[in-house]
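Since every read-out is calculated from the coordinates, none of them should be taken as a lab result. If you're wondering where the values come from, they're calculated on a predicted model, not measured in any experiment. For neighbour counting, all protein chains shown are included, and Cβ atoms are generated from backbone atoms with ideal geometry for every residue, glycine included.
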Amino acid sequence: MAAKLKKGDKVVVLAGKDKGKQGEIVSVFPKENKAVVEGVNIAIRHTRQSQSSQGGRIPKAMPIDLSNLAILDKNGKATRVGFREEDGKKVRYAKTTGEAI
């Protein structure tokens, strides 16, 4: 199945502790059905100091389920993603506006 959400997409969180927050997808894990979104689902990781890095409590964005994310259309509203063919190519489009993403 084609990916409805991809790296670089602007998304909004639909459910969970960060509901309503917006961010950009940093990475996607299709097999796990999860994505890492910048500034969302932050966890504190305690790391030991080493020669190369400073130790301490480091905030890290953790993966969030794709079902809890919705892509933002040009108006800044959450929308579902559809697929259609334009000029022989399969493109994603926003269901609210009908505009290609």
The range 4-19 - phi-based ³J(HN,Hα) in whole Hz, Karplus 6.51/-1.76/1.60, Gly and Pro as x: 7, 10, 10, 4, x, 6, 7, 10, 10, 8, 8, 8, x, 5, 9, 3
For Ile101, Ile58, Ile71, Ile44, order by how many other beta-carbon atoms lie within 10 Å, fewest first: Ile44, Ile58, Ile101, Ile71
Residues Lys89 and Lys6, FRET efficiency given R0 of 25 Å [Cβ-Cβ distance, rounded to 0.05]: 0.95
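If you take the beta carbon distance between Thr97 and Ile42 as r and set R0 to 30 Å, what does 1/(1 + (r/R0)^6) give as a FRET efficiency, to the nearest 0.05?
The calculated FRET efficiency here is 0.45.
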Given Lys6/Lys89; Lys4/Lys34; Lys21/Lys90; Lys6/Lys95; Lys10/Lys74, the pairs whose alpha carbons are separated by over 19 Å: Lys21/Lys90
At most 15 other Cβ within 10 Å, DSSP loop - trypsin sites (Lys or Arg not before Pro), the range 66-101: Lys74, Lys77, Arg80, Lys95
Rg in Å to one decimal, and Dmax rounded to a whole Å, for the range 10-74 via C-alpha atoms: 13.9, 46
Ranked list, fewest to most other Cβ atoms within 10 Å of each Cβ, for Ser67, Ser52: Ser52, Ser67
Cβ crowding within 10 Å averaged over residues, with 15-21, 37-43 ranked highest first: 37-43, 15-21
For the range 70-79, Karplus couplings with θ = phi - 60° (6.51, -1.76, 1.60), whole Hz, Gly/Pro x: 9, 6, 9, 7, 5, 8, x, 9, 5, 9
Calculated FRET value between Lys17 and Ser67, using beta carbons and R₀ = 22 Å, to 0.05: 0.90
